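Let me begin by presenting the structure, written as structure tokens, before commenting on it.
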Ligand code: FE
Ligand code: MN
């Protein structure tokens, strides 16, 4: 056993044995794996050409008014939501997760959120959008504001400077906020937007922006998976907090979030576009929500079919894109640790 050692009674929260500066030997190998997967996915927005998008955006006949609305709504939501998630990681979650391999991934995630923030700067710049319009939509568009307010409210307790994760009630609060942040924000509130932008891309509309969303979606699927593993680890190590009553509270919260995401879908796509409409986006949100519920050990609630089976391929770009295969190999050559158990 070289780099990995199972230390008895090591726990992720409130452990006197955790030294944040001592990453080896590691205990939570899944966290290390997420870090490595994140590094394999490296990208920056400038790698994606936007020329065709600029032409389409400028041309009156190539994009309909409803398509422009949908694009703006999604740029408006994501442009500020990405900084909100970055702030949550750095200012709240990082403080309470002291395990060094988890922190290494949190830093990677924070960097990816900076890339995402940069993506929307790049989109605004290249398309010549009015930043005042896009960057105030989180205050001025009610269906966006409601989503952001919901998450801000949901993740309040861990922002309290006096908050600690000691004790059953505080662990519950922390789990509640982690679910609000990872499962609801990154796992539900991002997904109607992903589906909309990728549906447009499939019709050859705004393919550059669509590709940016594909890269973001792939990163977000890792963030979500890490978040669920973190949540499940805390649950397993503190089984006394996961009561039926608490589970019911979480399910109720998630269902409220689904309703907010559905109103957002109707608002962004009120009349439907060629072959796609708000009902399908709502079905998609319900379909992915069942997967999120199951992922954290809760029962399914919606039982919907996936209306966009093609969409899952988008999180698996490496199989489709030669360009990416090359890059993945390049990144993977460097400094792999061999886990030797
Ligand atoms: Fe992001
Ligand atoms: Mn994220």
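The values are calculated or read from the model by the stated rules, or taken from the named source; none is laboratory data. Everything numeric here is computed off the predicted structure, so don't read it as measured data. Cβ atoms come from the backbone with ideal geometry, glycine included; neighbour counts cover every protein chain shown.
Within region 125-153, the set of residues being farther than 20 Å from residue 261 by Cα and in a helix (DSSP H, G or I) comprises 125, 126, 127, 131, 132, 133. Within region 86-96, if we keep just the residues that are within 13 Å of ligand 2 (Cβ to nearest atom) and either touching a residue at least 12 places away in the same chain (Cβ under 8 Å) or farther than 23 Å from residue 150 by Cα (or both), the residue that is surrounded by the fewest Cβ atoms within 10 Å (Cβ to Cβ) turns out to be 90.
Could you list, in sequence order, the residues of region 66-124 that are out of contact with any helix residue (DSSP H, G or I) (no Cβ under 9 Å at 6 or more places or on another chain) and over 30 Å from residue 11 (Cβ atoms)? Correct list: 66 only.
Annotation note: of 32, 36, the sole residue that is assigned to a helix (DSSP H, G or I), in contact with a helix residue (DSSP H, G or I) (Cβ under 7 Å, 6 or more places away or on another chain), away from ligand 1 (no atom under 16 Å from the Cβ) and farther than 28 Å from residue 273 by Cβ is 32.
Does region 25-32 contain at least one residue that is surrounded by fewer than 14 Cβ atoms within 10 Å (Cβ to Cβ), over 27 Å from the mean Cα position of the chain (by Cα) and either free of Cβ contacts under 8 Å to residues at least 24 places away in the same chain or closer than 22 Å to residue 236 by Cα (or both)? Looking through region 25-32, at least one residue is surrounded by fewer than 14 Cβ atoms within 10 Å (Cβ to Cβ), over 27 Å from the mean Cα position of the chain (by Cα) and either free of Cβ contacts under 8 Å to residues at least 24 places away in the same chain or closer than 22 Å to residue 236 by Cα (or both). Restricting 77, 111 to residues that are crowded, with 19+ Cβ neighbours inside 10 Å, within 30 Å of residue 176 (Cα to Cα) and within 14 Å of ligand 2 (Cβ to nearest atom) narrows the list to 77.
This table checks each residue for (1) within 16 Å of ligand 2 (Cβ to nearest atom); (2) crowded, with 24+ Cβ neighbours inside 10 Å.
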position: 157; (1), (2): no, no
position: 166; (1), (2): no, no
position: 175; (1), (2): no, no
position: 208; (1), (2): no, no
position: 218; (1), (2): yes, no
position: 223; (1), (2): yes, yes
position: 233; (1), (2): no, no
position: 248; (1), (2): no, no
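Condition check: away from ligand 2 (no atom under 16 Å from the Cβ), under 26 Å from residue 250 (Cα atoms) and not in a loop (DSSP other than H, G, I, E, B). Does residue 122 satisfy that? No: the conditions fail for residue 122. A residue that is more than 14 Å from ligand 1 (Cβ to nearest atom), modelled with pLDDT of 95 or more and part of a helix (DSSP H, G or I) occurs nowhere in region 212-221.
What number of residues within region 50-85 are part of a helix (DSSP H, G or I), more than 22 Å from residue 148 (Cα to Cα) and touching a residue at least 60 places away in the same chain (Cβ under 8 Å)? Summing the residues that are part of a helix (DSSP H, G or I), more than 22 Å from residue 148 (Cα to Cα) and touching a residue at least 60 places away in the same chain (Cβ under 8 Å) in region 50-85 gives 8. Scanning region 256-269 for any residue that is part of a loop (DSSP other than H, G, I, E, B), surrounded by fewer than 16 Cβ atoms within 10 Å (Cβ to Cβ) and either modelled with pLDDT of 85 or more or over 20 Å from the mean Cα position of the chain (by Cα) (or both) turns up nothing. Would it be correct to say that residue 99 is crowded, with 19+ Cβ neighbours inside 10 Å and within 16 Å of ligand 2 (Cβ to nearest atom)? No; evaluated as a whole, the condition is false for this residue. Within region 291-305, which residues are more than 16 Å from the chain's Cα centre (by Cα) and either modelled with pLDDT under 95 or part of a helix (DSSP H, G or I) (or both)? Result: 294, single match.
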